[in-house]
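The values are calculated or read from the model by the stated rules, or taken from the named source; none is laboratory data. In this text, all values refer to a predicted model and were calculated from it rather than measured experimentally. Backbone-built Cβ (ideal geometry, glycine too); neighbour counts: all protein chains shown.
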Amino acid sequence: MAARIEDYAMIGDCRTAALVSIAGSIDWLCLPRFDSMACFASLLGTQEHGGWHIAPTTRTYTSSRAYLDGSLVLKTRFETKNGIVDLIDFMPTGLESSHVVRMVSGVKGSVSMESSLVVRFDYGMTAPWTSEADSKTTVMIAGPDMLVLRTELGSDMENGRILSKLNVKEGDEFTFVLSHGPSHLQPPSTIEPERLLQQTKAYWKGWSGRCESAGRWTEVVRRSLITLKGLTYAPTGGIIAAATSSLPECIGGERNWDYRYCWLRDATFTLLALLTAGYEEEAEAWRAWLLRAAAGDPAQIQIMYGVAGEKWLEEWTLPWLPGYEGSSPVRVGNKAAQQLQLDIYGELFNVMSVASRAGVLPLARGLELRTALLDHLEETWSKPDAGIWEIRGEPQHFTHSKIMAWVAFDRAASNESYQIDQAERRKYRHIADEIHRSVCENAIDHDRGCFVQAYGKNHLDASLLLIPIVGFLPADDECVRNTVSEIEQHLMVDGFVLRYETSTGVDGLSAGEGAFLACSFWLVDNYILQGRLDEAESLFERLVSLGNDVGLFAEEYNPSEKRQLGNFPQAFSHVALINSAFSLARATEAKSSRVQPVGQH
């Protein structure tokens, strides 16, 4: 059985990632890319669907873990009554092939350990042909994929498992390397694990050390940035939403989606987080990926793409996998890629505006793309769509979608770096004003004086928290304040924010899910804008405390069961944390500078 979601940590090489449980089991790994078919899929099934367990043979042990030196190098410590052993897990960066390195070292006494490796390609369906190249090398092949296990211990085959037993004494060191390559080529070359360990630690420490200060929250920001970097596909600059597919938003339910793709919706907040933290190169790579992905006929723009910009993300189910804790169906691909979601146009223009203000130079053909997108949006903004939450029910006139359409025309009209004449600026301002009037006339519940989820409805939606953040209305606007108050009263569980009222059936799915972490950080941002800094800091600290022992966050949190839910680790949660932390740090610093001790001038 898979561990609790929060009991996993991530290692990666900026091409793919593996999830390692606190019990020393790698239960999820896709090769050679994040969105490739998994060779370890026990996260969504059983041990027979592929995984790699290294741990003491006794069941009476304790384990703890930490990342080393601001890196994605993970150290797990096992303690038994007879001794202590450390397990170092990492994936070297910058190599032609992906390698998972697992290093066992004796710290104290003597501990009996076992390595048990089960490879099942094609999301746990296909058992490989396995052979020994020599006494220390095992080769596993199925279809286009090859995995090679190298260890000085040697190994044995037992019921489809590759087993190695070791008695680890103080000072002992044993290394396992699992390397991936195409099956039609020679096995990947051997690597030097110890040298690459030092090189990988140095790479991550150097990268994370560039992080700008966020006051007393700098360390949690740094960990979130490392996680974001670990979710980046280095060859293209694309940033995936999460490393996993089909981890449930409700245990036992059907809200199980594939998040191993790049969402345009994440664009603005991600770019802002990278630029604020001092990572201009990564921000430029992300923006370049966005504009490449969005290039082409504006009518064919998608809300998400593959890591290299692929458009074809057909959704299908894996009936041989029972799902995480029985949560089915298990899905790969995502048919939401074909939905109309109008807010993404606003995201694209907002990200270009943020980049421009930060001094990031415009890309070639940027103006041509902007003009084409605006011409298309002028014709489509008034249509119903699937909205920010990608509902699978009937399209609606979602308030957030209209607001983000306003953002597109507002930014086009006001951004001086856009080389357009005044007539065009007036045209875009006129359309922005038209959308603004439409929202204020149709998206307000006049009895409560608040914004609602969709035109003609009276339901709430946490995306309304973005109204002051994107500048549609100021935070002190009465309707904005009433909206925040209504969300506080009716869309929160134990102090954390739900996305929307799933019981209404608006999304065409069964009701129930956890609190959405990014939305809860948006409430922090609203408190900051309203000057409610004590409440902002209190909620922010509570949210940070929900991270697991190595600082990772999933998409959602179940307050009643006190566990994380949804795909993991979730880029959107970490991005929202970063932006809230910097906003809170700036606000508290400004407040401190205004309040001087008595006697100072």
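Within the set of pairs 6+ apart or on separate chains, which have a first residue in the range 368-387 that is farther than 14 Å from ASP343 by Cα, a second that is among the acidic types (Asp, Glu), and C-beta atoms under 9 Å apart?
Taking only residues 6 or more apart or on different chains, the pairs are THR371/GLU424; ALA372/ASP297.
Looking only at the range 333-347, filter to residues that are of a type outside the set (D, E, K, R) and within 19 Å of the chain's Cα centre (by Cα); which one of those is farthest from SER382 (Cα to Cα)? Spell out how you get there, then give the answer.
Pass one, the range 333-347, residues of a type outside the set (D, E, K, R): 333-334, 336-342, 344-346.
Filter once more, keeping what is within 19 Å of the chain's Cα centre (by Cα): 333-334, 336-337, 344.
Values: GLY333: 29, ASN334: 25, ALA336: 20, ALA337: 20, ILE344: 14 Å.
If we take residues in the range 333-347 being of a type outside the set (D, E, K, R) and within 19 Å of the chain's Cα centre (by Cα), then GLY333 is farthest from SER382 (Cα to Cα).
Taking the criterion of being among the aromatic types (Phe, Trp, Tyr) and closer than 30 Å to LEU74 by Cβ, would at least one residue in the range 503-520 satisfy it?
Scanning the range 503-520, I find at least one residue that is among the aromatic types (Phe, Trp, Tyr) and closer than 30 Å to LEU74 by Cβ, so the answer is yes.
What are the pairs with Cβ atoms under 6 angstrom where one residue, in the range 441-454, is assigned to a loop (DSSP other than H, G, I, E, B) and exposed (fewer than 14 other Cβ atoms within 10 Å of the Cβ) and the other, located anywhere, is at pLDDT 95 or above and of a type in the set (S, T, N, Q)? Sequence gap at least six, or different chains.
Between residues of the range 441-454 that are assigned to a loop (DSSP other than H, G, I, E, B) and exposed (fewer than 14 other Cβ atoms within 10 Å of the Cβ) and residues that are at pLDDT 95 or above and of a type in the set (S, T, N, Q), there is no close pair.
Any residue at all in the range 539-553 that is touching a Ser or Thr at 6+ places or on another chain (Cβ under 8 Å) and at pLDDT below 95?
no
Would you be able to tell me the number of residues in the range 145-160 that are surrounded by fewer than 20 Cβ atoms within 10 Å (Cβ to Cβ) and in contact with a helix residue (DSSP H, G or I) (Cβ under 9 Å, 6 or more places away or on another chain)?
Total satisfying the criteria: 1.
Of a type in the set (Asp, Glu) and assigned to a helix (DSSP H, G or I) - does that describe any residue in the range 282-302?
Looking for residues that are of a type in the set (Asp, Glu) and assigned to a helix (DSSP H, G or I), one finds at least one in the range 282-302, hence yes.
Please find, among VAL330, VAL351, VAL360, VAL307, the residue that is over 21 Å from the mean Cα position of the chain (by Cα) and among the β-branched types (Val, Ile, Thr). Don't jump to the end; show me each part of the working.
Working: VAL330 fails: over 21 Å from the mean Cα position of the chain (by Cα); VAL351 fails: over 21 Å from the mean Cα position of the chain (by Cα); VAL307 fails: over 21 Å from the mean Cα position of the chain (by Cα).
Going through VAL330, VAL351, VAL360, VAL307 in turn, just one is over 21 Å from the mean Cα position of the chain (by Cα) and among the β-branched types (Val, Ile, Thr): VAL360.
Only one residue in GLY237, GLY181, GLY209 is within 30 Å of TYR261 (Cα to Cα), surrounded by 16 or more Cβ atoms within 10 Å (Cβ to Cβ) and under 24 Å from the mean Cα position of the chain (by Cα), so which one is that?
Numbers: GLY181 fails: under 24 Å from the mean Cα position of the chain (by Cα); GLY209 fails: surrounded by 16 or more Cβ atoms within 10 Å (Cβ to Cβ).
Going through GLY237, GLY181, GLY209 in turn, just one is within 30 Å of TYR261 (Cα to Cα), surrounded by 16 or more Cβ atoms within 10 Å (Cβ to Cβ) and under 24 Å from the mean Cα position of the chain (by Cα): GLY237.
Provide a single number: the residues in the range 63-84 that are more than 14 Å from SER112 (Cα to Cα) and β-branched (Val, Ile, Thr).
Residues in the range 63-84 being more than 14 Å from SER112 (Cα to Cα) and β-branched (Val, Ile, Thr): 2 in total.
Would you point out which residue out of LEU178, LEU163, LEU153, LEU196 is closer than 30 Å to THR80 by Cα, touching an Asp or Glu at 6+ places or on another chain (Cβ under 7 Å) and among the aliphatic types (A, V, I, L, M)?
Sole residue among the options that is closer than 30 Å to THR80 by Cα, touching an Asp or Glu at 6+ places or on another chain (Cβ under 7 Å) and among the aliphatic types (A, V, I, L, M): LEU163.
Considering only residues of the range 509-521 that are surrounded by fewer than 22 Cβ atoms within 10 Å (Cβ to Cβ) and of a type outside the set (Ser, Thr, Tyr), which is modelled with the lowest pLDDT?
ALA511
Could you list all residues from the range 474-527 that are assigned to a loop (DSSP other than H, G, I, E, B), touching a Lys or Arg at 6+ places or on another chain (Cβ under 7 Å) and among the hydrophobic types (A, V, I, L, M, F, W, C)? It would help to see each step written out before you state the result.
Of the range 474-527, the ones assigned to a loop (DSSP other than H, G, I, E, B) are 474-477, 491, 494-495, 498-499, 501, 505-514.
Checking which are touching a Lys or Arg at 6+ places or on another chain (Cβ under 7 Å) leaves us with 495, 507-509, 513.
The one that is assigned to a loop (DSSP other than H, G, I, E, B), touching a Lys or Arg at 6+ places or on another chain (Cβ under 7 Å) and among the hydrophobic types (A, V, I, L, M, F, W, C): LEU509.
Could you go through the range 17-35 and let me know if any residue there is surrounded by fewer than 20 Cβ atoms within 10 Å (Cβ to Cβ) and without any contact (Cβ under 8 Å) to a residue 60 or more places away in the chain.
yes
Failed condition for PRO248, given (1) over 30 Å from ALA337 (Cα atoms); (2) in a loop (DSSP other than H, G, I, E, B); (3) touching a strand residue (DSSP E or B) at 6+ places or on another chain (Cβ under 7 Å), with all others met?
(1)
For residues that are among the acidic types (Asp, Glu), closer than 28 Å to ALA518 by Cα and out of contact with any Phe, Trp or Tyr (no Cβ under 6 Å at 6 or more places or on another chain), tally how many sit in the range 442-476.
2
Looking at the range 130-153 only, could you name the residues that are modelled with pLDDT under 95 and hydrophobic (A, V, I, L, M, F, W, C)?
Once the filter is applied, which keeps residues that are modelled with pLDDT under 95 and hydrophobic (A, V, I, L, M, F, W, C), the range 130-153 yields ALA133, LEU153.
Exactly one of these conditions fails for GLY70: (1) surrounded by fewer than 16 Cβ atoms within 10 Å (Cβ to Cβ); (2) modelled with pLDDT under 95. Give me its number.
Every condition holds for GLY70 apart from (1).
Mind checking whether some residue in the range 229-241 is in contact (Cβ under 8 Å) with a residue 60 or more places away in the chain, of a type outside the set (Phe, Trp, Tyr) and assigned to a helix (DSSP H, G or I)? Let's see the steps before the verdict.
Just the residues of the range 229-241 that are in contact (Cβ under 8 Å) with a residue 60 or more places away in the chain, to begin with: 229-236, 238-241.
If we keep only those that are of a type outside the set (Phe, Trp, Tyr) too, we end up with 229-232, 234-236, 238-241.
So of that shortlist, the ones also assigned to a helix (DSSP H, G or I) come out as 229-230.
Yes: the range 229-241 contains one or more residues that are in contact (Cβ under 8 Å) with a residue 60 or more places away in the chain, of a type outside the set (Phe, Trp, Tyr) and assigned to a helix (DSSP H, G or I).
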